[in-house]
Each structure stands twice: as structure tokens, then as C-alpha cells.
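First comes the structure, then the notes that go with it.
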Ligand code: COS
């Protein structure tokens with residue numbers, strides 16, 4: 001399999017790398033420390049076209065697909081995991097609308113999410129429906145008199161939820177059918193009855209705000225139904241397949257970033273009269289980190305290739321996310337070990353990378369859920 005980048009993809013990579021080094025890296029510590037969503041950086045991402053990856057230029061996007069997303073997200077994550085996560089998770093909403101939306105929905109919602117600098121969110125998880133996403137209880141009952149869905153319930157741990165302009169929400173339009181009665185509905189910020197609840201205080205990824213969304217008799221016009229009634233769970237699962245490749249890319253990026261810092265450090269750090277790069281124990285750490293990260297990257301690009309080729313990729317998306325996220329924890333941990341006391345200090349980026357990396361094993365499906373998806377595919 002040839003994963004060489006095209007000239008356009010190489011240019012995108014260069015642009016993403018320079019943007020990340022010049023704009024994202026320098027504020028990564030600050031947004032982590034202050035738990036602040038990087039509004040300016042998101043606006044710059046939009047200006048450069050990153051927020052429109054995977055959406056046709058007709059709707060303000062820049063085209064491309066999973067591979068382009070992987071390229072950008074990986075480069076961002078080397079410098080700032082929160083910014084990488086913001087882009088990666090934002091893209092779920094416009095890509096779902098581009099895939100399942102009507103022409104009217106695409107015209108109405110996509111330009112602001114792609115080139116307009118507005119954030120999208122994907123709201124599936126509920127307090128009692130995390131790994132068991134099909135147990136969601138939020139309802140959206142059609143009022144035949146007004147032709148509006150009346151939404152009641154709450155969503156939790158929604159990345160970007162406190163800032164999102166457009167939310168792709170999953171709710172039961174026919175509660176008697178469980179997950180087969182779930183539908184996807186587009187809800188705009190400011191709709192009466194839709195409020196933001198608790199904004200979480202997390203271990204890492206502080207710049208990517210995570211919030212509770214509350215719906216109390218929130219009325220949304222029927223034309224905001226995304227796809228068909230009762231097909232919401234499938235839409236959610238398909239969107240998550242793609243999102244998991246994004247988490248794979250975040251994981252590869254943070255691992256590559258930690259490896260690069262470690263390579264630099266072991267050449268500079270002198271102990272016992274010589275750079276620690278000359279110690280075999282350190283060399284073996286570096287060899288393991290480089291090998292496992294390269295392997296993780298290959299699987300992420302393979303899953304992206306399958307998605308871009310229109311081939312089934314559910315299993316490979318789960319595999320790449322499972323593998324790359326475990327590697328992100330492994331590599332950031334060893335990088336911290338190599339840096340010793342310095343790695344543990346907030347003066348250096350490693351402790352942030354270590355904290356940020358952990359979430360990749362949890363969100364967009366835990367490692368354990370990915371093993372369920374993979375084993376079902378393998379065992380039949
Ligand atoms: N693509 C398309 N359809 C899919 C799918 C996929 N990747 N995965 C499942 N489906 C479909 C199934 O084909 C089935 O369709 P039918 O009704 O036609 O039979 C339906 O969805 C139900 O599937 P299944 O029986 O496998 O559902 P489960 O309740 O067993 O749940 C898991 C499957 C566990 C995989 C799912 O709940 C999951 O991914 N959980 C994790 C959720 C998550 O990642 N949350 C992260 C945060 S999102 S804000």
C-alpha cells in the first residue's frame with residue numbers, strides 16, 4: 001500500500017505544520033493553564049480552510065477527506081492537542097450535514113461551519129448513555145400542529161458544546177423503538193429551550209471546552225431533521241467511525257511531538273559526562289517510541305485511505321484509534337521518563353502532553369468499546 005502524499009497534500013502538511021508551530025504551539029500552555037477556548041486560533045483555522053476539510057467548495061469547504069483531516073490534525077496535535085481536538089471534533093458536524101443533509105440544510109448550515117468561523121458540535125452522550133450510546137433518553141417528539149420537534153433531555157461531555165453555533169443532536173423521535181427510534185436533528189445556538197449547563201473541569205485538553213447541553217421544551221422545525229427519522233443511530237455510528245480516525249491522528253501527532261522533544265533532549269542532556277543519547281537504555285526507549293509511532297501512523301493512514309476510497313472502514317477506524325491512543329499514552333509516558341524531573345514541571349510541554357494524551361483512550365469510544373467493535377468484525 002502506497003501512502004505517499006500527493007503534492008497538494010504535502011503543501012497542506014507544510015501549511016498545517018507552519019500554522020501549528022507559529023500560532024498553536026505558542027499559546028498551548030496558556031490555554032491549558034487558563035482553560036480557555038482559543039477563539040482567535042479557531043478563526044484563523046477557518047480563514048486557512050481547515051474547518052472546511054471534507055466539505056465541497058460549493059458550501060464553503062475546501063474538499064479533501066479523511067487523509068487531509070489526518071494530515072492537519074496530526075500537525076496540530078504535535079504542538080497543541082486541544083487545538084487538534086477542536087478541529088477534529090468540529091469537523092464531525094459539517095461532514096455529517098454534508099453527507100446526510102438536504103440541499104436546503106447544506107446551504108443554510110455549511111458555509112458558517114466551513115469558512116464562517118462558527119463551531120459545530122456532535123451531541124450523543126448522556127449521563128446514562130456513554131459506551132451504551134443506544135440507551136440515550138433525550139426525546140424529540142413531533143408536534144403535528146406546528147410541525148416542530150419538541151426536545152427534552154440533556155447531553156453531557158459534549159466537546160465544544162459551550163461554544164457551538166450548530167449542534168448535531170441525537171434524540172428519540174419514537175422512544176418506543178429505542179435506538180431504532182433515534183433521529184439526528186440540527187439545533188442552532190440560541191434556540192429557546194436550549195441552554196448550556198456545566199462546563200467541565202478536566203485533567204487535560206483544557207482549551208477544548210466540554211459541556212452539558214440542556215433541552216427543555218426546545219422547539220426545532222421539522223426541516224432540521226438530518227437524514228430519515230429513526231436512522232439517527234446509524235448516522236451517529238458512521239460519524240463516529242470517521243471521528244475515530246481523527247482521534248487516531250491526534251494520538252499520532254502528540255506521540256510524534258513527544259518523540260521530537262525527546263530526541264532533542266537526549267542529545268542536549270549530559271549525565272555521567274556524556275549526552276544521554278549514548279546510553280543504551282535511552283536508545284531503546286527512543287527505538288520503541290519511534291517504531292510504535294510509525295506503526296500507529298500507518299494504521300491511521302490506512303483507515304483514512306479506506307474511508308476516502310468509499311470502502312468499509314469501521315473495523316480499521318476502531319483498530320487505528322485503539323492502537324494509536326494506547327501508543328500516545330506509552331510514548332508521552334516514556335518521554336516524561338526520559339526528561340526526568342524536567343518533564344514533570346509545568347515549565348515544559350511534556351506534562352501537558354501526557355495529560356492530554358490520556359483522553360484519546362476514552363473519548364469517541366473507549367478502548368474497550370473498540371475491542372467490542374473489532375472482535376465483532378473479526379469473529380463475525
Ligand atoms: N456504521 C453503520 N451502522 C452501524 C454501525 C456503524 N459503524 N455500528 C452499528 N450500526 C448499526 C447496526 O448495523 C444496527 O443496525 P440495524 O438496526 O439495522 O440492525 C444498529 O446500528 C445497532 O447496532 P448494534 O446492535 O451494534 O448496537 P449496540 O447497542 O450493540 O452498540 C456500539 C454498538 C457499542 C459499537 C455503540 O454503542 C458504540 O459505538 N458505543 C460507543 C459510543 C461512543 O463512541 N461514544 C463516544 C462519544 S460520542 S459524543
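Scoring 285-293, 142-150, 234-242 by mean Cβ neighbours within 10 Å over their residues and listing the highest first yields 234-242, 285-293, 142-150.
For helix 66-79, report the angle its Cα long axis makes with the longest principal axis of the Cα atoms of the chain; keep it between 0 and 90° and round to the nearest 10°. With both axes taken from Cα atoms, the answer is about 50 degrees. Here r is the Cβ-Cβ distance between residue 260 and residue 280 and R0 is 25 Å; the resulting FRET efficiency, rounded to 0.05, is 0.75.
For segment 3-122, what class follows from the C-alpha gyration tensor (a ≥ b ≥ c being the square roots of its eigenvalues): rounded when a/c is under 1.5, otherwise prolate if a/b is larger than b/c, else oblate?
Here segment 3-122 falls in the oblate category.
Remark: relative contact order (the chain) = 16 percent; criterion is Cα-Cα distance under 8 angstrom and separation of 6 or more residues. Here r is the Cβ-Cβ distance between residue 36 and residue 107 and R0 is 41 Å; the resulting FRET efficiency, rounded to 0.05, is 0.80. GNM on the chain, alpha-carbon springs under 10 angstrom: the most fluctuating residue among 245, 362, 53 is 362. For the chain, the longest principal axis of the alpha carbon atoms and the long axis of helix 232-268 meet at an angle near 20°.
Net length available on complete extension from residue 347 to residue 177 is 55.9 nm, with 0.36 nm assigned per residue and the Cα-Cα distance removed. Shape call for the chain from the C-alpha gyration tensor, a ≥ b ≥ c root eigenvalues: rounded (a/c under 1.5), prolate (a/b greater than b/c) or oblate? Verdict is prolate for the chain. The angle between the Cα long axis of helix 314-344 and the longest principal axis of the Cα atoms of the chain comes to about 40 degrees, rounded to the nearest 10.
For the chain, modelled as a GNM whose springs connect Cα atoms under 10 angstrom apart, the maximal fluctuation among 206, 184, 29 occurs at 29. Counted by neighbouring Cβ atoms within 10 Å, the residues 329, 352, 244, 180 run from fewest to most as 180, 329, 352, 244.
Rule-based calculations on the coordinates, nothing more; no lab input. A quick note: this is a predicted structure, and the numbers were derived from the prediction, not measured. Positions of Cβ are generated from backbone atoms using ideal geometry, with glycine treated the same way; all protein chains shown enter the neighbour counts.
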